[in-house]
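Asks: Take a look at this one; I'll ask things after.
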Amino acid sequence: MYFKKALTFILILFSISILPQKKNIKYHSHFFEKIQNDYYDKNELLKKTSDFFLQQKWDSVIVATSKVTDTENSKSELSFFNYMRAHSFMLKNLYSEAQTVFKKIPSDFLFYNKVLYALSSISLEKSQFKEALVYLKNIEDRGITSIDDIEDISFLNDLGVCYLHLKNYDKANEYLSTYLKLAEKKENNKELANAYSNIANLYYEQYKDSIAIAYFMKAYEISKKTSDNEIKRLTSTNMAVVEENRKNFSKALAYRKESEKWRKLVYDQEKIYNTAKLEKKILEERKENEIDILKLENKVKSFQRNGFIASSILFLLLAVTVIYFLIRKNKTTKIITSQKEQLSLLNKTKDKLFSIVSHDLRSSVNLMQRSNYKLIRNIENENYNSLSTIANKNALIATTTYNLLENLLNWATLQTNNTYFNIESLELSSILKQIEFNYRPLFEDKNINFIIEVEQPTFIKADLDSLKIIIRNLLDNAIKFSSENGTIICKSETNNENDLINFCIVDNGIGMTEEMVKQLLSPSPLLNKKKNQQEIGTGLGIQLCKTLTTKNNAFFNIESEINKGTKIIIGFSKA
């Protein structure tokens with residue numbers, strides 16, 4: 001009874017051949033053909049990874065695929081990467097890692113049957129026969145095609161082994177018998193020995209010992225014709241167990257010795273293989289070192305050969321650099337000189353501005369002071385008839401001084417670029433009416449006839465605040481330089497050539513000389529003095545108007561004749 005149990009255990013343990021996915025690269029021919037045809041020129045990392053796989057450098061494959069991201073690769077490319085990564089894990093016996101990566105591959109992958117077959121092989125290695133059978137039946141349902149590179153004989157053997165372990169003997173017999181027929185047809189002694197061993201286990205599991213032993217003996221005889229020492233070890237071990245069960249211990253001992261001999265040869269063969277692999281790796285490293293040394297020698301020779309050329313180029317570059325910096329220095333000197341001249345001009349302008357503004361302010365304050373003294377004396381003398389005239393004069397002086405200060409403030413704001421401009425559509429006539437209401441006392445003081453000849457509506461593109469400053473300054477000048485009972489006209493003219501609207505302020509005052517007009521229209525920041533009776537102007541208002549006009553994308557012009565009046569023209573874009 002003891003030997004029967006021992007025989008059952010050992011036969012099942014050593015006789016059943018569980019064939020995982022083949023390690024030979026030929027079983028991936030269609031897989032790599034697809035990569036070469038569709039992805040070699042598109043994906044450098046996929047090409048590099050497949051080269052590592054073909055060279056059986058499993059560690060390099062794992063390292064290369066660890067850098068793969070789904071943002072840089074298509075769904076199909078990711079599946080190729082994952083397959084090679086999982087397969088490398090499997091061949092390194094890292095089955096859990098391999099399973100995890102294989103399961104990431106979607107079922108619409110072109111080579112999904114290969115994925116299922118690899119998962120079944122891992123399950124067989126882990127003795128998870130139910131899971132292995134699920135994967136294999138899935139392949140059977142999908143149908144094996146030529147691109148899967150799955151051999152029918154191996155597939156049938158795996159199915160038979162799963163059913164045998166799950167004690168479904170009828171199904172196991174169906175698949176293992178078909179597997180045996182294919183092995184006989186192929187005349188492959190290794191497959192035949194494996195097939196006979198599996199069928200022997202099938203019969204032995206059903207307690208058909210005589211039939212099982214006959215198949216074990218066939219497997220043993222055929223194994224002698226193979227060069228596979230592992231198959232020889234397996235079949236001789238099986239025969240040792242058979243003879244032990246027969247109580248024929250002398251034969252059993254002979255088979256045990258033979259099995260040990262084959263086991264040792266398998267171990268030695270693996271050792272030789274590993275040694276050869278190590279020697280090959282050392283040789284490759286040595287060759288790489290030699291190549292690196294040769295490359296280094298070539299670099300040294302190249303450096304020596306090109307030393308003179310490099311020195312010449314360096315000297316030439318040094319000479320060019322010196323020349324460049326000399327030219328740069330001369331240009332910088334010219335720029336500094338020009339900036340110095342501009343700064344000097346600006347300082348002169350500033351000094352002149354301060355001089356004129358201080359003169360005007362002092363004159364206005366002096367006039368206000370004398371007028372106030374006169375006002376006080378008249379009040380003391382109870383001369384009330386002249387109080388109205390003096391008060392009106394004081395109001396005019398205050399208005400003039402206020403306008404000067406306001407222009408000065410606006411000018412300073414423009415110079416520091418702190419002005420906010422919002423160019424929009426504005427109705428010109430309504431703005432003029434607002435300003436007319438504020439200026440009515442000034443018109444009445446000089447008995448000036450103010451006329452608006454702007455069609456309603458007339459829309460222009462301008463900034464509202466700056467437009468009001470322009471109009472107020474121009475009206476101040478027109479009032480200042482107009483005689484008693486004069487006329488000031490604000491009108492609009494359509495300029496069809498430039499698609500503009502010309503806004504004009506016309507007065508019949510003292511006018512200006514041609515030289516003064518040129519000076520005012522000049523881009524120079526220098527200010528001008530103008531005289532009209534006892535009134536003195538700084539020219540700051542005109543400069544401010546010119547600047548604000550430019551910022552409104554408009555043009556500014558002056559037409560004037562002595563003693564005939566002045567016409568100010570500002571061309572605004574139509575809105």
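Asks: Of the residues Ile150, Ile213, which is over 24 Å from Leu265 (Cβ atoms) and either of a type in the set (Phe, Trp, Tyr) or not in a loop (DSSP other than H, G, I, E, B) (or both)?
Replies: Among Ile150, Ile213, only Ile213 is over 24 Å from Leu265 (Cβ atoms) and either of a type in the set (Phe, Trp, Tyr) or not in a loop (DSSP other than H, G, I, E, B) (or both).
Asks: Can you confirm whether Ile469 is touching a residue at least 12 places away in the same chain (Cβ under 8 Å), under 23 Å from Gln434 (Cα atoms) and in a strand (DSSP E or B)?
Replies: no
Asks: Return the residues of the range 108-157 that are at positive phi and surrounded by 15 or more Cβ atoms within 10 Å (Cβ to Cβ); say none if nothing qualifies.
Replies: Correct list: Asp149 only.
Asks: Continuing with the same structure: Residue check: is Ile536 at pLDDT 90 or above, assigned by TED's automatic domain parsing to the domain that holds Ile558, of a type in the set (Val, Ile, Thr) and out of contact with any Leu (no Cβ under 6 Å at 6 or more places or on another chain)?
Replies: no
Asks: Then there's this: Suppose the filter is modelled with pLDDT under 85 and crowded, with 16+ Cβ neighbours inside 10 Å; does Leu426 pass it?
Replies: Criteria not met by Leu426.
Rundown of residues vs (1) assigned to a helix (DSSP H, G or I); (2) exposed (fewer than 14 other Cβ atoms within 10 Å of the Cβ); (3) at pLDDT 90 or above; (4) not polar (S, T, N, Q), yes/no style:
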site: Lys34; (1), (2), (3), (4): yes, no, no, yes
site: Asn37; (1), (2), (3), (4): yes, yes, no, no
site: Leu45; (1), (2), (3), (4): yes, no, no, yes
site: Val68; (1), (2), (3), (4): no, no, no, yes
site: Glu72; (1), (2), (3), (4): no, yes, no, yes
site: Glu97; (1), (2), (3), (4): yes, no, yes, yes
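Asks: May I ask you to list the residues in the range 221-239 that are crowded, with 22+ Cβ neighbours inside 10 Å and without any contact (Cβ under 8 Å) to a residue 24 or more places away in the chain?
Replies: Once the filter is applied, which keeps residues that are crowded, with 22+ Cβ neighbours inside 10 Å and without any contact (Cβ under 8 Å) to a residue 24 or more places away in the chain, the range 221-239 yields only Met239.
Asks: Considering every residue within the range 381-394, establish whether at least one is at pLDDT 70 or above, assigned to a helix (DSSP H, G or I), surrounded by fewer than 11 Cβ atoms within 10 Å (Cβ to Cβ) and of a type in the set (D, E, K, R).
Replies: Looking through the range 381-394, none of the residues is at pLDDT 70 or above, assigned to a helix (DSSP H, G or I), surrounded by fewer than 11 Cβ atoms within 10 Å (Cβ to Cβ) and of a type in the set (D, E, K, R).
Asks: Also, quick follow-up: Which residue is modelled with the lowest pLDDT, if the candidates are limited to the range 244-281 and must be hydroxyl-bearing (Ser, Thr, Tyr) and closer than 30 Å to Glu221 by Cβ?
Replies: Tyr273
Okay, residues lined up against (1) modelled with pLDDT of 85 or more; (2) more than 30 Å from Lys393 (Cα to Cα); (3) in contact with a strand residue (DSSP E or B) (Cβ under 9 Å, 6 or more places away or on another chain); (4) part of a helix (DSSP H, G or I):
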residue: Leu283; (1), (2), (3), (4): no, yes, no, yes
residue: Gln304; (1), (2), (3), (4): no, yes, no, yes
residue: Val320; (1), (2), (3), (4): yes, yes, no, yes
residue: Ser355; (1), (2), (3), (4): no, no, no, yes
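Asks: Any residue at all in the range 179-193 that's closer than 20 Å to Leu124 by Cβ and hydroxyl-bearing (Ser, Thr, Tyr)?
Replies: Yes - at least one qualifying residue is present in the range 179-193.
Asks: How many residues does the range 489-509 hold that are among the β-branched types (Val, Ile, Thr) and more than 57 Å from the chain's Cα centre (by Cα)?
Replies: Residues that pass the stated criteria total 3.
Asks: Something else now. Has the range 483-492 got any residue that is buried (at least 19 other Cβ atoms within 10 Å of the Cβ), out of contact with any helix residue (DSSP H, G or I) (no Cβ under 8 Å at 6 or more places or on another chain), touching a residue at least 40 places away in the same chain (Cβ under 8 Å) and not in a helix (DSSP H, G or I)?
Replies: yes
Asks: Looking at this structure, is Asn557 at pLDDT 85 or above, in a loop (DSSP other than H, G, I, E, B), surrounded by fewer than 16 Cβ atoms within 10 Å (Cβ to Cβ) and within 54 Å of the chain's Cα centre (by Cα)?
Replies: So Asn557 fails the test.
Asks: Listed residues Ile18, Ile12; which is at pLDDT below 80, assigned to a loop (DSSP other than H, G, I, E, B) and either of a type in the set (A, V, I, L, M, F, W, C) or touching a helix residue (DSSP H, G or I) at 6+ places or on another chain (Cβ under 6 Å) (or both)?
Replies: Selected residue: Ile18, the only one of Ile18, Ile12 that is at pLDDT below 80, assigned to a loop (DSSP other than H, G, I, E, B) and either of a type in the set (A, V, I, L, M, F, W, C) or touching a helix residue (DSSP H, G or I) at 6+ places or on another chain (Cβ under 6 Å) (or both).
The values are calculated or read from the model by the stated rules, or taken from the named source; none is laboratory data. The shown structure was predicted, so the numbers you read here are calculated from the model rather than taken from an experiment. Backbone-built Cβ (ideal geometry, glycine too); neighbour counts: all protein chains shown.
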